[in-house]
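S.K.: Please see the structure below; I have some questions.
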Amino acid sequence: MAFTHRPLPTLTELLASASVVSLPLNTRFRGVDAREALILRGPEGATEFSPFVEYDDVESLAWLAGAIDFGWVPTPALLRESVAVNATLPAVAPSAVVGVLARYPGCRTIKVKVAERGQTLDDDLARVREARAILGSEGRIRLDANGGWNVDEAEKAIHALAEYDLEYVEQPCPSIDDLWEIRQRVKYMGIPIAADESVRKVDDPLEVARRGAADLLVIKAQPLGGIHSALDIVERAGLPVVVSSALDSSIGIAMGAHLAASIPVLEYDCGLATAALLTTDVTAEPLIPVDGAIPVRRPTLDESLVQQSLAAPDRDAWWRDRLTRVYGLLVELSESSGRHGA
Ligand SMILES: O=C(O)CCC(=O)c1ccccc1C(=O)O
Ligand SMILES: [Mg+2]
């Protein structure tokens, strides 16, 4: 992973610029009702460090590199002023679908979460049927299983869900081997396979592309070490990409929007509309979709909104400890790569 910022800002500088916030969700997502994030104030503007709380320090390393990249390094040249986005539909009951989709005005593409633990294929069928009924026959529906199926389950589910006309299926199975296998099995149906976790949670983000295990890649700026590092991966992968977020505040969404705006060819709507799932944000001008797109700009922090969303003292301390530990790993890594001339 390429860490472009040298020298690193000091830990003192990072901690002094940090606020830890807890942003309640209007729809339960990934088993949580609030999203915690550590917001940093860098010379380029606000940035966000927000690996999910269950991620370990090693996995969080790339997220910190990504946060520093957006706050301390100028962004690449922007090729567009807005980015078309998909509605993200969490694994809610069919009766809740219409209410969630109302939060994404103008979106012609819906990403439906499927294969949720504790649910069945019938639950997925009912949710996707409802989404298709509301969207109409011309909008696009993509699925995201977050690796929730084995290959046989994925094959069965994709056969059953295909009647709703699928744009692609994201991470149907957990491993790269299984992605390769399911891709072969459904190729004749013309349904592309996208890789997400197999890009951002593995040692080599290019392995999927090299092995032909997916038709397209989901690219997330923060977990891939930042905009510059993600852009490098996109260039080297040679596959179409979907730029997505990880349920960030509008600051993290802006990082994704700047990445999306610097990619020459974007064939797919991006997964950058999830600020619509937050009940409150850290800026007065959140990056939520209007006419199916979000603008490419850096929101300024609204300090009173930040104050109102500050996390409880124990959570604030937890995030500062995490930042301190992960920063230590980042320093080790940049020193060892400096020694090896990388
Ligand atoms: O891509 C989108 O539409 C939104 C982002 C998203 O789905 C997501 C959000 C948080 C954690 C994981 C994921 C994911 O794509 O798997
Ligand atoms: Mg995904």
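The values are calculated or read from the model by the stated rules, or taken from the named source; none is laboratory data. Quick caveat, the model's predicted, so the values are computed rather than measured. Positions of Cβ are generated from backbone atoms using ideal geometry, with glycine treated the same way; all protein chains shown enter the neighbour counts.
S.K.: Return yes when Ala18 is farther than 21 Å from Val218 by Cα, surrounded by fewer than 23 Cβ atoms within 10 Å (Cβ to Cβ) and either within 16 Å of ligand 1 (Cβ to nearest atom) or of a type in the set (A, V, I, L, M, F, W, C) (or both) and no when it is not.
M.R.: Spelling it out, Ala18 is indeed farther than 21 Å from Val218 by Cα, surrounded by fewer than 23 Cβ atoms within 10 Å (Cβ to Cβ) and either within 16 Å of ligand 1 (Cβ to nearest atom) or of a type in the set (A, V, I, L, M, F, W, C) (or both).
S.K.: If you don't mind, another one. Being free of Cβ contacts under 8 Å to residues at least 40 places away in the same chain and either assigned by TED's automatic domain parsing to the domain that holds Asp232 or out of contact with any Cys (no Cβ under 9 Å at 6 or more places or on another chain) (or both) narrows it down to one residue among Ala65, Ala91; which is it?
M.R.: On the way: Ala65 fails: free of Cβ contacts under 8 Å to residues at least 40 places away in the same chain.
Within the list Ala65, Ala91, the selection yields Ala91.
S.K.: Something else now. Please count how many residues of segment 126-161 are of a type in the set (S, T, N, Q), within 23 Å of Cys173 (Cα to Cα) and either away from ligand 2 (no atom under 16 Å from the Cβ) or modelled with pLDDT under 95 (or both).
M.R.: Of the residues in that region, 1 qualify.
S.K.: When you go through Ala317, Ala312 one by one, which is the residue that is touching a residue at least 40 places away in the same chain (Cβ under 8 Å), under 18 Å from Arg35 (Cα atoms) and of a type in the set (A, V, I, L, M, F, W, C)? If you could, list the steps in order and put the result at the bottom.
M.R.: Working: Ala317 fails: touching a residue at least 40 places away in the same chain (Cβ under 8 Å).
Going through Ala317, Ala312 in turn, the sole match is Ala312.
S.K.: So, in segment 181-200, of the ones that are crowded, with 21+ Cβ neighbours inside 10 Å and β-branched (Val, Ile, Thr), which residue ends up nearest to ligand 2 (Cβ to nearest atom)?
M.R.: Per the stated criteria, the residue is Val199.
S.K.: Quick check on segment 41-77: of everything there that is among the hydroxyl-bearing types (Ser, Thr, Tyr) and within 16 Å of ligand 1 (Cβ to nearest atom), which residue is nearest to Asp302 (Cα to Cα)?
M.R.: Ser50
S.K.: Evaluate segment 219-242: report whether one residue or more is modelled with pLDDT under 95 and more than 19 Å from Tyr268 (Cβ to Cβ). If you could, list the steps in order and put the result at the bottom.
M.R.: Within segment 219-242, the first condition is being modelled with pLDDT under 95, and the residues that meet it are none.
No.
S.K.: Just checking, how many residues over segment 295-305 are more than 22 Å from the chain's Cα centre (by Cα) and hydrophobic (A, V, I, L, M, F, W, C)?
M.R.: Here the count works out to 1.
S.K.: Under 7 Å between Cβ atoms, which residue pairs at least 6 apart in sequence (or on different chains) link something in segment 1-15 that is at negative phi with a partner that is modelled with pLDDT under 95 and small (Gly, Ala, Ser)?
M.R.: Close Cβ pairs (under 7 Å, with a partner that is modelled with pLDDT under 95 and small (Gly, Ala, Ser)) amount to Phe3/Ser334; Arg6/Ser334; Leu8/Ser334.
S.K.: While we're here: Filter segment 147-181 for residues that are under 30 Å from Leu61 (Cβ atoms), in contact with a helix residue (DSSP H, G or I) (Cβ under 7 Å, 6 or more places away or on another chain) and not in a loop (DSSP other than H, G, I, E, B) and give the result.
M.R.: Val169, Ile176, Asp178, Leu179, Trp180
S.K.: When segment 182-207 is examined, which residues are found to be farther than 23 Å from Asp56 by Cα and touching a residue at least 24 places away in the same chain (Cβ under 8 Å)? Full working, then the answer.
M.R.: Start the filter on segment 182-207 by keeping residues that are farther than 23 Å from Asp56 by Cα, which leaves 182-194.
Answer for segment 182-207, where residues must be farther than 23 Å from Asp56 by Cα and touching a residue at least 24 places away in the same chain (Cβ under 8 Å): Ile182, Arg183, Arg185, Val186, Met189, Ile191, Pro192, Ile193, Ala194.
S.K.: Just to be sure I understand the filter: pairs with C-beta atoms under 6 Å, separated by 6 or more residues or on different chains, first member in segment 265-280 and of a type in the set (S, T, N, Q), second member within 14 Å of ligand 2 (Cβ to nearest atom). Which pairs pass?
M.R.: Listed pairs, sorted by first residue: Thr274/Thr88; Thr274/Ser245; Thr274/Leu247.
S.K.: Tell me which strands (runs of 3 or more DSSP E) are completely within segment 209-296 and hold 1 or more residues being within 14 Å of ligand 2 (Cβ to nearest atom) and in the same structural domain as Leu89 (by TED's automatic domain parsing), or say none if there are none.
M.R.: Filter on segment 209-296 gives 216-220, 241-244.
S.K.: Can you name every residue in segment 208-244 that is within 13 Å of ligand 1 (Cβ to nearest atom) and closer than 15 Å to Gln171 by Cα?
M.R.: Hits for segment 208-244 are Leu216, Leu217, Val218, Ile219, Lys220, Val241, Val242, Val243, Ser244.
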